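FYI, it's all coordinate maths here, none of it is from the lab. All values derive from a computational prediction rather than experimental measurement. Quick reminder, even Gly has a Cβ in these numbers, built from the backbone with ideal geometry, and neighbours come from all protein chains shown.
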Amino acid sequence: MLLVAVAAAVIFLRRWIHHAQLEAIPVIVPPDIPAHDIIHPPAGAIAARMVVEAKETLFPPQRPRLAVLTFDDGPFPVLTPLLLAQLHALGVPAAFFMIGQDVRAQPAIAQRIAPAGIEIGNHTLTHPELSSLGEDAQRAEIAGGAAAIADVTRTRPAYFRPPHGNYDAETIDAARAADETMALWDVDPGDWRSMDADQIVASVTTHARSPAVILLHNGKEATIEALPRIVRAYRAAGFTFVTLRELQARLPLGAINDPLRVAVSP
């Protein structure tokens, strides 16, 4: 019995450590933590996260119900204007992480985005797998995407998101060199795949967080169709939609990077 209890305790501890490591991944990368420590959190950071989890289990904290709709890729003909029209009809802000070469290919559409009240972010120049590139190539991709966006839209991106969410310490340093804050997400329905609107709504509501940074994709008809139900469900649950900049103005990074699971009915 003692051996069984010890084995169970070891398994529990290992799972707790693994969960703490996953929870240590930031939604918005802090500017004052070395890039290497973000990729490979030191033992002290993992232990601190474990303590936080224990305290939050005993004394669940409160988080303002704020949500950010973010859209990766594009802009695209037809579907990006439809997405802008849908967001306008719903009266919600959003952040578009655009690809530099697509911005240059669709300048007229790109120029409509910022005036529509959309926050513009950088999604690199050509959408490569950044972690497979060297530091110089990563810096060129990030700087090139920002330059293309600024040239066309006259708006300098304040936020950067790596393609596919894959990054390493060099990516973080390259984004910082471009004076951009790296922003990831905590709700991801995987709408880049072939999904219908019902599946997207179900995922975004089932995995709701407070606050929520929701990853969606530009150029997807099902995503546009799902938006009214997503917005309605989150608003019914007491959420207010904001931009990333507004989220950071209203909450400290510690709260943004420690979102809580909440119930949202589809």
Checked region 65-107 against the a/c 1.5 cut and the a/b vs b/c comparison, axes a ≥ b ≥ c from its Cα gyration tensor; verdict oblate
Helix 43-58 versus the longest principal axis of the chain: what angle, 0 to 90°, nearest 10, using Cα atoms? 80 degrees
Can you tell me, using C-alpha contacts under 8 Å and at least 6 residues apart, the relative contact order of the chain as a whole percent? 24 percent
Taking Cα atoms, the helix 135-153 axis meets the longest principal axis of the chain at an angle in degrees (rounded to 10) of 40 degrees
To the nearest 10 degrees, the tilt of helix 2-23 (Cα long axis) against the first principal axis of the alpha carbons of the chain is 20 degrees
Give the distance, in whole Å, between the Cα centre of region 201-255 and the Cα centre of region 102-159. 22 Å
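Using +1 on the beta carbon of Lys and Arg, -1 on that of Asp and Glu, and nothing else charged, what's the dipole of the chain about the Cα centre, debye to 20?
Numbers: 22 positive and 28 negative charges, 188 e Å.
Dipole of the chain, to the nearest 20 debye: 900 debye.
If I take every Cα pair under 8 Å that is 6 or more residues apart in region 70-196, average their sequence separation and divide by the length, what percent do I get for the relative contact order?
Working: 214 pairs, mean separation 28.6, N = 127.
The normalised contact order for region 70-196 reaches 23 percent.
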Scan region 81-172 for trypsin sites (Lys or Arg not before Pro) in coil per DSSP, keeping those whose Cβ has at most 13 other Cβ atoms within 10 Å, and list them by number. R154
